[in-house]
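A short write-up of the structure that comes next.
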Amino acid sequence: NISVGVRDRFAGLWNEIDALGQKRGVQFLIWDATRSLERQLELYKRGRLDKGTVVTHTIASNHLWGTAIDCIMYDAKHKQPVFDLPKWWIKDALPLAKKHGLSSLYLTKGLDKPHIESPQTKEIRAYAKELKASFAKVWKA
């Protein structure tokens, strides 16, 4: 689910992350990018209204407007995704986000290690505030 806008926004960073992975013998994949509001609400319910672990920390995710990606490693030997990224991801890959004008929730808030996002515009911040307020009666945002 990667739109052209998302691909273009993250292209420079992704080229460097891909090179870093090749140097370490692993492949990185974009696991999640643009989400519908329905999908975001489904994820937000996990661990709150549904059983399980909390998987997202906000209703108004940057995924809604295509300004965020979640990355995973791919284990070619076992042909499966690896969601728990290694320590060197934090040390070597996440700082690359800052170089490209992007940010990491893990480096700024200690949340969501695979998540990288671009800054919100004034319009997006206003919409996110409205969205959170509209759901405040159902969930604590």
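The values are calculated or read from the model by the stated rules, or taken from the named source; none is laboratory data. Since we're looking at a predicted model, the values are computed, not measured. Glycine also receives a Cβ, built like all others from the backbone with ideal geometry; neighbour counts cover every protein chain displayed. Areas reflect the complete protein model, heavy atoms only, side chains present, ligands, DNA and RNA absent. Shrake-Rupley method; radii C 1.70, N 1.55, O 1.52, S 1.80 Å.
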Open item on the list: Is it the case, given these coordinates, that Arg9 is of a type outside the set (Val, Ile, Thr) and modelled with pLDDT of 85 or more?
Closed with: no
Task: Residue list for the range 33-76, filter: open to solvent by 10 Å² or more (accessible area, probe 1.4 Å), part of a loop (DSSP other than H, G, I, E, B) and not hydroxyl-bearing (Ser, Thr, Tyr) - done: Arg35, Gly47, Arg48, Leu49, Lys51, Gly52, Val54, Val55, His57, Ala76
Open item on the list: Against the conditions (1) open to solvent by 30 Å² or more (accessible area, probe 1.4 Å); (2) within 18 Å of Phe28 (Cβ to Cβ), where does Lys129 fall short? Just the number, please.
Closed with: (2)
Open item on the list: On the basis of being open to solvent by 90 Å² or more (accessible area, probe 1.4 Å) and under 14 Å from the mean Cα position of the chain (by Cα), does Asp84 make the cut?
Closed with: yes
Task: the range 88-126, subset surrounded by 15 or more Cβ atoms within 10 Å (Cβ to Cβ) and of a type in the set (Ser, Thr, Tyr), residue nearest to the chain's Cα centre (by Cα) - done: Ser104
TODO: Only residues that are among the charged types (D, E, K, R) and not in a loop (DSSP other than H, G, I, E, B): list them for the range 92-137, please.
DONE: Asp92, Lys98, Lys99, Lys109, Glu117, Lys122, Glu123, Arg125, Lys129, Glu130, Lys132
TODO: Note down all Cβ pairs under 8 Å where the first residue falls in the range 52-76 and is touching a residue at least 12 places away in the same chain (Cβ under 8 Å) and at positive phi, the second is open to solvent by less than 10 Å² (accessible area, probe 1.4 Å) and among the hydrophobic types (A, V, I, L, M, F, W, C), and they're at least six residues apart or on different chains.
DONE: Gly66/Val6; Gly66/Ala33
